[in-house]
Amino acid sequence: MKILVATSKPFAPVAVKGIKEVLENAGHEMVLVEKGTKADMINAIADCAGLIVRSDIVDKEVMDAAPELKVVVRAGAGYDNIDLAEATAHGICVMNTPGQNSNAVAELVFGMLLTLVRNRYNGTSGTELKDKTLGIHAYGQVGRNVARIAKGLGMKVSALDPWVKDDDMLADGVSPVHSVEELYEQNQYVSLHIPATEQTKKSVGKVLIERLPKNGVLINTARKEVIDEEGLEAALECREDVRYIADVKPDIAGALEEKFGDRVMFTPKKMGAQTAEANINAGIAAANQVAMHLADGWNRFQVNK
Ligand code: 3PG
């Protein structure tokens, strides 16, 4: 069967090679559309039984163009780019590959944070992360990796996650926090790891950001949609000591950069999961999941039940 790998942000070549091998060993043929648009995806999908994507939009239009499609695997964690209700209506199984790219995202949190607190290496004295407080907003796979690295740097780590038991956080040396207000009030650095859902979109705004202690920094490597951008702008106006850094550029990035200069920092493209290792892990997991689903209906990581 034909399996389309459609990634506007391409995997490392070594990962593409691995994906191809997995699919061919399972008797399938890989069709590759890299750096393409949604139209390119639609043009290539008509006779494909499987689809592997990253943050690429998979909506009704794509599914209507894919009568043979049985399975979509998002090579990564967040699946807010896929219309789950439409997939269910089309009889398509949607899966993600939990945990496969989480270390890469966690490492970038500290890459960005160190760049910020060392004043972008401009020759002036910065600050250290050791002994500083870090609050992790959602303790999933990325949050856990952030905690592990932060502990290595000697930071004091706490986390908020209603789905995780206190004992599990304590076992990692992380202090459980039980309200979002406390998390923001008690930590100089807060790292966001919530998914973008109807409940979380625009859930972090002026009121929460202003709770950060003196010289607070909010780090967002999750999704731009979870930020109330007007609220962020207002908080940065009121609190001249607060800074915002993100791997998921806000829509108003240009205006924020103009107004707040070095107090904001954005990657040019979402780079969190852009490592060879994460591409290999997530890409090959996705290929295996597609092959297993087409072989016998395997659906362990299905997200549209
Ligand atoms: C994810 O949800 O897995 C991460 O945000 C990475 O997304 P990407 O594959 O688009 O880089």
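Before moving on, here are some points about what is shown:
- Residues whose amide H lies under 5 Å from that of CYS93, counting only those 5 or more places away or on a different chain, are VAL71, VAL72; hydrogens are built 1.01 Å from N in the peptide plane.
- With 0.36 nm allotted per residue and the present C-alpha distance subtracted, the ALA12-ALA89 stretch has 24.4 nm of extension available.
- Binning all Cα-Cα separations of the stretch 201-300 at 10 Å, short to long from zero, yields these whole-percent fractions: 14, 37, 20, 16, 11, 2.
- Span from the the stretch 240-305 Cα centroid across to the the stretch 147-197 one, whole angstrom: 20
- The charge dipole of the chain, taken about the Cα centre with unit charges on the Cβ atoms of Lys, Arg (+1) and Asp, Glu (-1), comes to about 700 debye, rounded to the nearest 20.
- Basic side chains Lys and Arg get +1 at the Cβ, acidic Asp and Glu get -1 at the Cβ, and with that the dipole of the stretch 140-199 about its Cα centre reaches some 360 debye.
- Value of Rg to Rh for the chain (Rh from inverse mean 1/r over Cα pairs, i.e. Kirkwood): 1.00
- Values of log10 I(q)/I(0), in the order q = 0.23, 0.28, 0.30 Å⁻¹, for the stretch 149-208 under a Debye, Cα-only, solvent-free model: -1.08, -1.34, -1.39
- The H on the amide N of TRP298, modeled in the peptide plane, is under 5 Å from the matching H of HIS293, each at least 5 residues off or on a different chain.
- Classified by the C-alpha gyration tensor, the stretch 134-258 has a prolate form. Its axis ratio a/c, with a ≥ b ≥ c, is 1.5 or above, and a/b is larger than b/c.
- Using heavy atoms of the protein chains and a probe of 1.4 Å, the accessible area assigned to ASP262 is about 100 Å².
- With a simple spin-label model that places each label point 7 Å from the Cα along the Cα-to-Cβ direction, the separation between LYS60 and ASN299 comes to 2.2 nm.
- Computed from Cα atoms alone, the Kirkwood hydrodynamic radius reported for the stretch 58-150 is 16.2 Å.
- Approximating the spin labels as points 7 Å out from Cα along Cα→Cβ, the LYS38-to-THR127 distance works out to 4.2 nm.
- Across the stretch 289-303, rounded Karplus estimates of 3J(HN,Hα) from the backbone phi angles (6.51 cos²θ - 1.76 cosθ + 1.60, θ = phi - 60°) give 5, 4, 4, 5, 5, 6, 6, 8, x, 3, 8, 3, 9, 5, 10 Hz, Gly and Pro being marked x.
- Net charge dipole, the stretch 238-304: roughly 80 debye, given to the nearest 20, about the Cα centre with Cβ charges of +1 for Lys and Arg and -1 for Asp and Glu.
- Database remark: amide H of LYS270 closer than 5 angstrom to no amide H (H placed geometrically; neighbours at sequence offset of 5 or more, or on other chains; Pro and chain starts carry no H).
The values are calculated or read from the model by the stated rules, or taken from the named source; none is laboratory data. Note that the structure is a prediction, hence the values are computed from the model and not measured. Reconstructed Cβ throughout: ideal geometry from the backbone, glycine too, with neighbour counts over all protein chains shown. We work out accessible area using only protein heavy atoms, side chains counted, and drop any ligands, DNA or RNA first. Shrake-Rupley method; radii C 1.70, N 1.55, O 1.52, S 1.80 Å.
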